[in-house]
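The values are calculated or read from the model by the stated rules, or taken from the named source; none is laboratory data. Since the structure is predicted, the reported quantities are computational estimates derived from the model, not experimental observations. With ideal geometry, Cβ positions are generated from the backbone for all residues, glycine too; neighbour counts draw on all protein chains shown. Each accessible area value is taken on the protein alone, full model and side chains, heavy atoms only, with ligands, DNA and RNA left out. Shrake-Rupley method; radii C 1.70, N 1.55, O 1.52, S 1.80 Å.
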Amino acid sequence: MRPASLEEYSGQAHLLGAGRPLRVALEQGALHSMIFWGPPGVGKTTLARLIATLADAHFVTLSAVMAGVKDIRQAVDLARQQASQNGRQTILFVDEVHRFNKAQQDAFLPYVEDGTLLFIGATTENPSFELNNALLSRARVYVLKSLDAEALGGLLDRALADNERGLGGHRLTISSEAKQILLEAADGDARRVLNLLEIAADLVEDGGIIDTALVSDLLNDSRRRFDKGGEAFYDQISALHKSVRGSNPDASLYWFARILDGGCDPLYIARRVVRMASEDIGNADPRALTLCLNAWDVQERLGSPEGELAVAQAIVYLACAPKSNAVYSAFNAAMKDVASQTSHEPPLHLRNAPTKLMKELGYSQGYRYAHNEPEAYAAGEDYFPEALEPRRYYNPVNRGLELKIGQKLQYLRSLDAASPMQRRQLPDVK
């Protein structure tokens with residue numbers, strides 16, 4: 001059922017609709033090197049083949065999973081042969097191009113540059129992270145989207161009706177409910193919906209009906225698209241994290257459920273949730289970190305599905321808790337200072353003096369033991385290196401417990417600026 005023309009091609013109207021960029025380029029014959037970025041089963045390979053057909057170009061396909069530099073050189077030799085003998089342009093299509101290493105990507109760049117090859121790459125991963133800048137600068141990136149229910153439904157109907165390439169000879173029908181279930185299970189993947197339809201067709205007699213019961217049995221324990229090492233993984237994890245940060249417990253639970261439905265290890269999510277507690281809640285509600293650690297422990301002890309409820313509880317708590325990234329920002333600022341400056345030594349008064357020599361050298365001299373000071377605070381003391389101006393990294397927000405923490409720090413700083421007499425007159429802040 002692979003489309004033989006653009007008219008049969010399903011989806012990607014944002015690229016191939018009337019007046020859209022790729023459609024215009026194809027109609028004008030203005031071919032160029034391209035990278036198709038999108039999830040599996042949305043027509044990346046099919047579109048590359050159609051482009052070759054429209055351009056009457058020689059089509060060479062390589063899989064980056066299996067191919068090496070030797071295969072690229074053979075493709076170049078074929079391209080030169082086609083150009084000299086037939087005057088035909090050669091399109092080199094590289095599937096899963098993100099799996100090529102830097103040397104392999106560099107191997108065909110000169111031939112793309114001099115016009116020996118027209119390059120089309122297909123990838124499910126973000127090209128910005130996976131492909132060389134030199135390759136990206138020579139190819140235009142087109143983003144292909146998951147197919148919607150209308151596009152998938154049209155493809156399914158054509159497969160049932162087509163006598164030559166499809167299942168038309170079997171005279172099958174499908175109930176509207178079963179069709180809807182198949183479309184949802186396909187999750188935007190044309191290849192998947194055709195595979196499911198073919199399996200279902202094998203389970204009924206010619207002239208029969210594909211009904212809801214058959215489809216439900218077929219889809220037992222099937223998983224939606226979720227590649228734990230790929231783009232979909234990080235997109236959904238990001239959506240979960242941002243929903244928690246945005247104080248939306250309902251969206252947070254949705255993304256948690258989506259990630260579980262995709263087959264992600266719940267322990268990975270539990271670890272990420274602990275990170276959220278420190279990054280986005282912090283000292284606004286220190287109980288959040290404890291609760292998340294407890295949820296992680298429950299998941300490890302009980303496993304799935306019992307432990308997942310504890311992780312869900314932690315996620316909802318985080319979403320509803322007061323938010324603060326003050327500790328996260330303070331820690332990053334301190335790390336940046338340390339990385340960008342020389343290694344300052346601790347001042348002598350902050351160093352321990354366990355030996356006579358160290359005492360003679362001034363170690364620990366002048367140190368004020370905070371517990372012996374009024375209110376257990378050595379007002380005016382400087383704890384930074386002598387060569388470094390005191391910094392203020394931590395700025396508590398006016399929410400949750402940090403509201404109280406901020407008031408306490410403000411009081412202590414007022415003690416630093418006051419004279420001994422003024423300090424005695426300041427109201428105590430517990």
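Normalised per residue, the accessible area of segment 240-317 is 48 Å², obtained with a 1.4 Å probe and no contribution from ligands, DNA or RNA.
Inter-part distance, segment 260-333 to segment 347-393, computed on C-alpha centroids, equals 38 Å. Solvent-accessible area assigned to carbon and sulfur over the chain amounts to 51 percent, based on a 1.4 Å probe. Relative contact order for the chain: 11 percent, from Cα pairs under 8 Å spaced at least 6 residues apart, divided by residue count.
When the chain is treated as a Gaussian network with alpha carbon springs shorter than 10 Å, the biggest mean-square fluctuation among 243, 343, 137 belongs to 343.
The length gained by stretching the chain between residue 66 and residue 384 to full extension, at 0.36 nm per residue less their Cα-Cα distance, is 108.8 nm. The H on the amide N of residue 62, modeled in the peptide plane, is under 5 Å from the matching H of 93, 94, 95, each at least 5 residues off or on a different chain. Using 1/(1 + (r/R0)^6) with R0 = 41 angstrom and r between the beta carbons of residue 373 and residue 342, what's the FRET efficiency to the nearest 0.05? So, using R0 = 41 Å, E works out to roughly 0.85. Counting only DSSP H runs of at least 4 residues, each contributing -39500 (n - 2.57), and dividing by the residue count of the chain, the helix-based mean residue ellipticity at 222 nm comes to -15500 deg cm²/dmol.
Across segment 11-50, the residues whose backbone nitrogen lies under 16 Å from the label position 7 Å along the beta-carbon direction of residue 2 are 41-50.
Lysine pair count for the chain (Cα-Cα distance under 24 Å; residues 8 or more apart in sequence or on different chains): 16. Placing a pseudo-label 7 Å from each Cα along the Cα-to-Cβ vector at residue 411 and residue 395 gives an inter-label distance of 2.3 nm. Taking other residues whose beta carbon is less than 14 angstrom from the beta carbon of residue 165, and scoring Lys, Arg as +1 and Asp, Glu as -1, yields -3. Comparing 35, 315, 72 in a Gaussian network model of the chain, where Cα atoms under 10 Å apart are tied by springs, the biggest mean-square fluctuation is seen for 72. In this simple spin-label approximation, residue 316 and residue 261 carry label points 7 Å from Cα along the Cα→Cβ vector, and these lie 1.9 nm apart.
Taking Cα centre as origin and charging only the Cβ of basic (Lys, Arg, +1) and acidic (Asp, Glu, -1) residues, the dipole magnitude of segment 215-337 rounds to 320 debye. What separates the Cα centres of segment 7-78 and segment 131-151 is a distance of 10 Å. Farthest toward the positive end of the dipole of the chain, out of 146, 75, 115, is the Cα of 115, where the dipole comes from beta carbon charges about the Cα centre.
Using only alpha carbon pairs under 8 Å that are at least six residues apart, calculate the relative contact order of segment 286-356 and give it in whole percent. Show your work: numbers first, answer last.
Working: 23 pairs, mean separation 16.2, N = 71.
Result for segment 286-356 is 23 percent.
Extension gain, residue 205 to residue 82: 0.36 nm times the residue separation minus the Cα-Cα distance gives 39.5 nm.
Please compute the contact order of segment 1-119 in relative form: average sequence separation of alpha-carbon pairs under 8 Å and at least six residues apart, divided by the residue count, as a percent.
Values: 117 pairs, mean separation 29.0, N = 119.
Contact order relative to length: 24 percent.
Taking the charge dipole of the chain about its Cα centre, with +1 at Lys and Arg Cβ atoms and -1 at Asp and Glu Cβ atoms, the residue from 92, 409, 62 reaching farthest to the positive side is 409.
Rolling a 1.4 Å probe over the protein chains gives residue 65 an accessible area of about 90 Å².
Among 295-302, 334-341, sorting by the average number of other beta carbon atoms lying within 10 angstrom of each residue, highest first, gives 295-302, 334-341.
With the simple spin-label model, which puts each label point 7 Å out from Cα in the Cβ direction, the residue 275 to residue 217 separation comes to 4.4 nm. Note on residue 46: accessible area approximately 20 square angstrom, rounded to 10, probe 1.4 Å, nucleic acids and ligands left out.
When nucleic acids and ligands are ignored and a 1.4 Å probe is applied, residue 344 ends up with an accessible area of around 60 Å².
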